[in-house]
Amino acid sequence: MEKKIAEFSVNYLQVLDENGECSGPAELTKDQIKEVYELMVLSRMFDEKAVNLQREGRLGTYPSLRGHEAAQVASAYALAKKDWMIPSFRENGSMIVRGLPMEMIFQYWGGDERGQKMPLDQNTLPFAIPVGTQPLHAVGIAWASKLAGDKIASLVYFGDGATSEGDVSEAMNLAGVFNLPLVFVCVNNQWAISVPRGKQTAAKTIAQKAIAFGFGGLQVDGNDAFAVYAATKSALEKARAGFGPALIELFTYRLGNHTTADDASKYREKTEVDEWVKKDPVERLRKYMESKKLWTKGYEEKMAERMKKKVDSAVAKYGSVTPEQAGKIFEYTYSEMTKNLVGQQKGVSDEGKS
Ligand SMILES: Cc1ncc(C[n+]2csc(CCOP(=O)(O)OP(=O)(O)O)c2C)c(N)n1
Ligand SMILES: [Mg+2]
């Protein structure tokens with residue numbers, strides 16, 4: 001006889017709807033709301049500047065965060081200073097929230113590895129270009145922090161496409177088995193380059209994958225800064241208190257091209273993009289703030305000017321960096337270079353001399 005032995009449900013969290021109307025308490029003070037909004041505006045300005053710099057030939061291939069402002073800023077904002085943040089390649093906004101100087105982010109996308117040499121007070125890993133590798137690194141970090149008895153949590157970002165990589169399942173499995181203080185944040189932006197979300201999994205949600213690994217999953221409106229913050233903060237608190245991992249699926253959309261090397265109009269309909277433009281995360285928070293008298297045109301103008309100065313100053317600093325010596329790149333992978341790397345480095349240095 002067959003009988004039911006388990007039953008599941010997956011919740012969806014939205015606090016701020018598309019019109020900026022709030023259905024629950026924002027877990028942020030007025031000052032914090034302003035700070036989050038300003039960081040979102042700054043992230044968007046940084047992003048627009050980065051795309052333009054690439055078009056001018058002053059930056060290499062760059063992955064735009066447009067549409068991810070709430071997903072990146074509000075989640076990183078929930079981290080405590082000592083928590084670990086493990087990003088994918090798209091979390092430029094999260095890096096800004098963590099305080100990584102913007103000139104370093106430009107430097108990295110300009111092809112100079114030194115842009116990801118984290119300041120020593122940062123518990124932040126560099127961008128991970130290989131898709132889906134960083135959740136395993138995050139497991140190692142979270143496991144180490146648990147063994148050391150540190151009361152900190154770790155947060156790892158990855159995309160919907162990354163969930164098709166075995167590594168991501170392995171990481172979630174390990175985190176569940178060892179009850180690790182790790183929050184998995186899947187930024188489901190509906191696309192992995194030209195492959196739609198429907199081709200990554202037959203499951204209705206990504207959040208439900210957590211259930212198979214023995215912990216909870218929640219789908220969150222990723223364009224809603226309040227929901228992203230509340231969900232991340234709560235998951236981080238539980239992780240720090242010893243309740244183990246969680247999976248948060250941030251349901252959002254990549255408004256730009258995959259990277260500056262891509263043309264998304266070749267594989268997705270403009271009508272789909274237009275629908276998501278209406279859900280713009282920055283605009284949504286602005287509408288809320290306006291209704292609460294936290295936003296005026298005058299404030300926006302002054303604030304935008306302040307943010308623009310920050311970005312321009314970062315561009316100027318980036319432009320004044322002396323390029324890395326050819327061949328130095330080989331020194332960044334291991335504390336002691338392998339024989340192969342020594343050989344490759346010598347080749348490059350010799351080339352430089354000829
Ligand atoms: C292991 C690996 N395979 C393939 C690629 C090429 N690649 C870069 S990004 C990407 C898609 C990633 O999609 P998703 O995980 O949804 O993240 P998103 O780009 O949407 O932020 C692919 C296939 C890569 N960088 N690494
Ligand atoms: Mg994606």
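Derivation of every value follows stated rules applied to the coordinates shown; laboratory data play no part. The model shown is predicted, which means the values in this text are computed figures rather than measured ones. Methodologically, a virtual Cβ is constructed for each residue, glycine included, from the backbone with ideal geometry; neighbour enumeration extends over all protein chains shown.
Here is the link list: 209/238; 146/209; 30/82; 82/287; 209/292. Which ones come out longer than 30 Å on Cα distance?
Listed pairs above 30 Å: 82/287; 209/292.
Using a Gaussian network model of the chain with C-alpha springs under 10 Å, which one of 269, 69, 48 is most mobile by mean-square fluctuation?
Of the options given, 269 has the highest mean-square fluctuation.
When the chain is treated as a GNM, springs tying every alpha-carbon pair under 10 Å, which of 280, 47, 312 comes out with the largest mean-square fluctuation?
Evaluated over the chain, the most mobile residue of the options is 312.
Report the full-extension gain for the segment residue 269 to residue 342: residue separation times 0.36 nm, less the Cα-Cα distance, to one decimal in nm.
Working it through step by step, the gained length comes to 21.4 nm.
Choose one answer from 249, 283, 300: the residue with the largest mean-square fluctuation in a GNM of the chain with alpha-carbon springs under 10 Å.
300
Whole percent per 5 Å bin, from 0 to the bin with the longest distance: what is P(r) over all C-alpha pairs of the stretch 91-211?
Values per bin, smallest distances first: 2, 10, 19, 20, 18, 16, 10, 4, 0.
Evaluate E = 1/(1 + (r/R0)^6) for residue 3 and residue 81, where r is the Cβ-Cβ distance and R0 equals 35 Å; express this FRET efficiency to the nearest 0.05.
Efficiency for this residue pair is about 0.10.
With each run of n ≥ 4 DSSP H residues scored as -39500 (n - 2.57), what mean residue ellipticity at 222 nm is computed for the chain after dividing by its residue count and rounding to the nearest 500 deg cm²/dmol?
That calculation yields -13500 deg cm²/dmol at 222 nm.
Per-residue HN-Hα couplings for the stretch 48-65, Karplus 6.51 cos²θ - 1.76 cosθ + 1.60 at θ = phi - 60°, whole Hz, x for Gly and Pro?
Karplus values, whole Hz, x for Gly and Pro: 4, 5, 4, 4, 5, 4, 5, 5, 7, x, 9, 9, x, 4, 10, x, 6, 9.
Which value in Å does the Kirkwood hydrodynamic radius of the chain take, with 1/r averaged over all unlike C-alpha pairs and then inverted?
21.3
Using θ = phi - 60° and the Karplus relation 6.51 cos²θ - 1.76 cosθ + 1.60, list the HN-Hα couplings for the stretch 209-214 in order, rounded to whole Hz, with x at every Gly or Pro.
4, 4, 4, 5, 9, x
Long-range amide H contacts for residue 124: which residues qualify at under 5 Å (H placed 1.01 Å from N, peptide plane, sequence gap of 5 or more or a different chain)?
Amide H neighbours of residue 124, under 5 Å, 5+ apart: 85.
Project the alpha carbons of the stretch 114-176 onto their principal axes and report the range along each, largest first, in whole Å.
Projected onto the principal axes, the Cα atoms of the stretch 114-176 cover 33, 31, 12 Å.
Distance in nm between label sites at residue 294 and residue 164, each 7 Å beyond Cα in the beta-carbon direction?
Label-label distance for residue 294 and residue 164, simple model: 3.9 nm.
Find out how many positive minus negative residues lie around residue 71, taking Lys and Arg as positive, Asp and Glu as negative, among other residues whose Cβ is under 11 Å from that of residue 71.
-3
Amide H to amide H, which residues 5 or more places from residue 13 or on other chains are under 5 Å from it, using H placed in the peptide plane?
The list, which skips near neighbours in sequence, is 219, 220, 221.
Each residue of the stretch 340-348 in order: what ³J(HN,Hα) in whole Hz does its phi give by Karplus 6.51 cos²θ - 1.76 cosθ + 1.60, θ = phi - 60°, with x for Gly and Pro?
4, 5, 4, x, 5, 5, 4, x, 5
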